[in-house]
Amino acid sequence: MVDAPLHGLRVLETATGIAGPYAGRLLAMLGADVVKLEPAGGDPARTQPIDDKPVTGTSPLFVHLNAGKRNVAAIEPGWAHVVIDDRVRADLDPDELTDGPKLVSVTAWGIDGPSSGRIADELIVQAQSGFLGFNRDPGDAPLRLPGWPAQYMAGALAAVGAMATVRGDHRHVDVSWLAAFLSSTELAYADALHCERRREPVGAHPPTAFPSGAIPCADGFVAPGSIRAIDWEMQCLFYERPDLIEDPEYTSRQRRVAHIDELWDIIRPWYSARTKREIFQLALDTPWAVGMVMTPTDAVTDPHLDEREFLQPIATPDGEVRGIGTIWRGAGLPVTDLRVSERSADPSPGQDPAGGDRRAPELDLRRLDGLRLIEMTVAWAGPYVGNLLSPLGVDVVKLEAQAPFDGWRALRPYDHGMRPGQEEMVEDNRFFEASGLFNALNRGKRDCVLSLASDEGRDVFLDLVRSADGIVANFSAHVLPSLGLDWATLEQANPGLVVVRMPAFGIDGPYSGAAGYGSIVEAMGGIGHRQGYEREGARISNIYYPDPVAGVHAAVALLAGLHRRDLTGAGCELDLSHQEATWSLHGDALVLASSEGRDVERLGNREPAVPVSGVVATADERWVAVVGPEVCRPIVDGAGTATADALMAAVDAAGGSACEVLDPWTAPAVDPVRSLLEVVDHPVTGPVRHVASPFRLDGSRPATRGPAPLFDQHTDEVLSELAGYDSRRLAALREDEVIGGELPPPATLGYRF
């Protein structure tokens, strides 16, 4: 479509499997012309099972990843602007590229790694990351995230890289699955890197947010939210225990931990008497945040997703199915041609009159280092956008208010969350500058404190908007309109502005008013159903994984909208639902539900269609992840009598892959994780290690531009530079409490340690 965000961008996809093709699929969803050049043996995803049942016809995984692309036998040199490839340096040396398309490499361990990686290496990459040692029940085996999240996240980052590289001088962007997975699980590492202390596994029902996790109900599972005070108050009313609202033993999340057994006795009968949709209806009718654990067969008939036209017909060689059409709504979307072609079935560009020019035309796009983004965001999902783009050169202005400020300044994984020797900071407002979670996500940004509660504050904001290229807003659907900052108002202030709004369930639809955060979206977005040990019926993690998932897809949307703006002059508003972005990592399960009418099976730690895979304990009390052929079975069966080193050597000799399962406290001390960290010197905490940028540009990883900002650090600078305010205007605004402010000691806001 001519007005689609990426109209005019040409992409050649030579990658196979999941990561590279997912990058191509995202770009195709946004209107890019994506041409797939499949190898002679075919893309292995064509026949890849997604659970223990064999594939008949084209795999649901391949359908999800390759809808909307042309599949050709050959292509004219220079036709594309960018090539997405999955070869390592031994097979393709990007240093030899001097002209022609830009290159995006997406492999398991990077362009300099030992191999490109197979689909089944997902378990190995997750184990190497250290995340599995964090995500488990106490005393039980480490537990992976379901499906192929490392590969999907690498694909989404590769899509960001593709749009970034056509905006600058870099010729090669390198993204590894491992770097992508680290970037998207940073919550698991922040306490280890910042506080230098070990956090014990909390299991399927995290006690400091109880009631939590996936709780059985009459026809499945639900995930109650219990983080905010209003969540707990609503639950007490529903459970017909209003007395607990004022009981200090239950009002405090920390004190409720001592009463979990009593709470189970109260809540089990209530949940078991109600269906998941009946319980979720309470989230639509009240302020309580609660989510259904939606199965794929739930999703293909869900009224909210149906009204938002999330699923569309896809023509495949085996007939028509339904799958994801697009995960964004806005100008020129959705792109409706969702065919999946046989290998080499389509005419090659340059040989077909409809193929256009044989060489890619020049794209007149502004450089990334000339772009400015305003973040109206808190927590993780929204700030993840700027965290990705700031190292690439984008000027990111983080907008905060004094009340409420970004709560992640106060969020701690346990206790007070301070580094050894810095405990006294809990007595003053340095506490809010020393959160490992906040400081990890907001590196390299400028902080501007502005209250939007008054007309004057709104006018100041619109003055900022006039000098911005984009806004990312991670609020509930009603917030911007209620502030008088709807799209019509923002467009009038800046006709070239690109606004990405990212409510949990989108701007409109039956669920758009529901509250949602990471655990809720895990339930509603396909993770909860697929996740967990094989004995479980559902599971919710405690890392809010949908947040970075939504964040990276918001970054894709922002760059796509700016592409359209640069070529047409017209800004746009794009709607991204956290729920739909999360389902996109499980789009194969939706295709399966549509075509076969069944839900994907839970595999625990296993890889589908691999004879031997999983996590085993060894005689020296270590855990080892194994992926291998049938000949590895006796080796794995004898794990209890072998050391980890001996087991890994035996699996490797038998043609399999194995690695020790580390955790976020041991993995950062050794490669490959150690090489993916950087040290940032913060004015309050001092030097701290963080997960570095997941991108390598022409062989070098971009460094963070600076530490996370202090509260109100750059307000005057930003308003002087971007809005043209002089010192008198700034002083008046401060006196009226429109801008700036100081956070009080934490004890005055109710924080006790």
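Just so you know, all these numbers are worked out from the coordinates, no wet-lab data involved. On a predicted model such as this, the values are computed, not experimentally measured, just so you know. All Cβ positions, even for glycine, are placed from backbone atoms using ideal geometry, and neighbour counts span all protein chains on display.
Quick one: check the C-alpha center-to-center distance for the stretch 620-664 versus the stretch 682-753, whole angstrom.
About 47 Å separates the Cα centre of the stretch 620-664 from the one of the stretch 682-753.
What lysines sit close enough to Lys102 to cross-link, taking a C-alpha to C-alpha distance under 24 Å and skipping anything fewer than 8 places away on the same chain?
By straight Cα distance, Lys102 reaches Lys36, Lys69.
Let me have the 222 nm mean residue ellipticity of the chain computed from DSSP H runs of 4+ only, each contributing -39500 (n - 2.57), with the sum over all residues rounded to the nearest 500. Could you put the intermediate results ahead of the total?
On the way: 27 runs with 232 residues, N = 753.
The per-residue figure over the chain is -8500 deg cm²/dmol.
Multiply the residue separation of Tyr533 and Lys53 by 0.36 nm, subtract the distance between their alpha-carbon atoms, and state the gained length in nm to one decimal.
171.0 nm
Which ³J(HN,Hα) values in Hz, rounded to whole numbers, follow from the phi angles of the stretch 54-62 under the Karplus curve 6.51 cos²θ - 1.76 cosθ + 1.60, where θ = phi - 60° and Gly and Pro get x?
Rounded to whole hertz, the list is x, 8, 10, x, 6, 4, x, 5, 5.
Using 0.36 nm per residue of separation minus the Cα-Cα distance, give me the extension gain between Glu200 and Ser115 in nm, one decimal.
On the way: separation 85, 0.36 × 85 = 30.60 nm, distance 3.40 nm.
Stretched fully, the Glu200-Ser115 segment lengthens by 27.2 nm.
By count of other Cβ within 10 Å, fewest leading, how are Glu196, Glu573, Glu660 ordered?
Glu196, Glu660, Glu573
Where a ≥ b ≥ c are the square roots of the eigenvalues of the C-alpha gyration tensor, would you call the chain rounded, which needs a/c under 1.5, or, failing that, prolate if a/b is larger than b/c, or oblate?
On the way: a/c = 1.38, a/b = 1.08, b/c = 1.28.
Rounded, since a/c falls under 1.5.
With 10 angstrom as the radius, rank Thr685, Thr568, Thr715, Thr301 by how many other C-beta atoms surround their C-beta, starting from the fewest. Display every interim value, and only then the final one.
Details: Thr685 21, Thr568 16, Thr715 24, Thr301 10.
By the 10 Å Cβ count, ascending, the order reads Thr301, Thr568, Thr685, Thr715.
Which lysines have a Cα less than 20 Å from the Cα of Lys398, not counting those fewer than 8 places away in the same chain?
Counting by Cα, and skipping residues close in sequence, Lys398 has these lysines nearby: Lys445.
Would you be so kind as to identify which of Leu368, Ala653, Val680 lies farthest towards the positive end of the dipole of the chain, taking Lys and Arg as +1 and Asp and Glu as -1 on Cβ and the Cα centre as origin?
Ala653
With a/c under 1.5 counting as rounded, go ahead and sort the stretch 262-397 into rounded, prolate or oblate using the C-alpha gyration tensor (a ≥ b ≥ c being the square roots of the eigenvalues; past the cut-off, prolate if a/b is larger than b/c, else oblate). Don't skip to the end; give the middle numbers.
Values: a/c = 3.45, a/b = 1.44, b/c = 2.40.
It is oblate, given that a/c is not under 1.5 and a/b is not larger than b/c.
For the chain, what's the relative contact order in percent, using C-alpha pairs closer than 8 Å and at least 6 residues apart?
It comes to 19 percent, rounded to a whole number.
What ranking do 11-23, 720-732 get when scored by the average of other Cβ atoms within 10 Å per residue, highest first?
Ranked by mean Cβ neighbours within 10 Å, highest first: 11-23, 720-732.
Roughly how far apart, in whole Å, are the Cα centres of the stretch 363-413 and the stretch 285-322?
One Cα centre to the other: 30 Å.
For the chain, give me the percentage of DSSP beta bridges that are antiparallel, rounded to the nearest 5 percent. Don't jump to the answer; show the numbers that get you there.
Working: 35 of 75 bridges.
Within the chain, antiparallel bridges account for around 45 percent of the total.
What ranking of Val82, Val222 emerges when the number of other C-beta atoms within 10 Å of each C-beta is taken as an exposure proxy, fewest first?
Values: Val82 26, Val222 30.
The most exposed by this proxy come first: Val82, Val222.
Take the Cα of Glu737, step 7 Å along the line toward its Cβ, and report every residue of the stretch 372-415 whose backbone nitrogen sits under 20 Å from that point.
The answer is 400-407, whose backbone nitrogens lie closer than 20 Å to the label point.
In what sequence, highest mean first, do 545-558, 83-96 appear when ranked by Cβ atoms within 10 angstrom?
545-558, 83-96
If one computes the Cα centroid of the stretch 1-49 and of the stretch 181-253, what distance in Å separates the two points?
39 Å
Starting from the 7 Å offset along Cα-to-Cβ, what nm value, one decimal, do you get for the label separation of Ser252 and Ser675?
4.7 nm
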